[in-house]
Amino acid sequence: MKTRLLLLCALALAACSKGADNGSTNEAAVPAAPDKAFAALTGDAAAGEAAFVQCRLCHTVEPGKNLIGPSLHQVVGRKAGSLPGFTYSTAMKNSGITWTGEQLYRFLAAPAKTVPGTRMAFAGLKDPQRRADLIAYLETK
């Protein structure tokens, strides 16, 4: 079990270093548009806490504590790439995104498509309900 966890950590760290930010990007973040699928869902914060387990390798919800990724404490309503003390990719800093529920829903489905050039190596959370649950949980933190 320990070996498997170490392997997962090593793979995550290696993935984060691939495509390192060179300070420029030719692509912009996908513009926000109303998402009817998100609007139709009701998130469950308790189920979202369980979904957050897969985020814990890189993120925390503790204020002021960054890991491989930034703290997600009070992420809802925050401008992307703006948390002091964390070094974001140029793409994330210049995305123009404010993390609303809809924006998080879109981003969590496909981070690299939503913000081309992001260093977030996560492929995405495909299940719409799990994304809505995760967002409900983040709204409480």
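The values are calculated or read from the model by the stated rules, or taken from the named source; none is laboratory data. What you see is a predicted model; the values in this text were computed from it and never measured. When we count neighbours, we look across all protein chains shown, and the Cβ atoms used for this are built from the backbone with ideal geometry, even at glycine.
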Exercise. Identify all residues within segment 126-141 that are β-branched (V, I, T) and either surrounded by fewer than 22 Cβ atoms within 10 Å (Cβ to Cβ) or not in a helix (DSSP H, G or I) (or both); write none if there are none.
Key: T140
Practice problem: Working carefully through the options V75, V53, find the one that is of a type in the set (V, I, T) and touching a helix residue (DSSP H, G or I) at 6+ places or on another chain (Cβ under 6 Å). | Solution: V75
Quiz prompt | Options G69, G48; residue that is closer than 16 Å to A132 by Cβ, at pLDDT 95 or above and surrounded by 13 or more Cβ atoms within 10 Å (Cβ to Cβ) | solution = G48
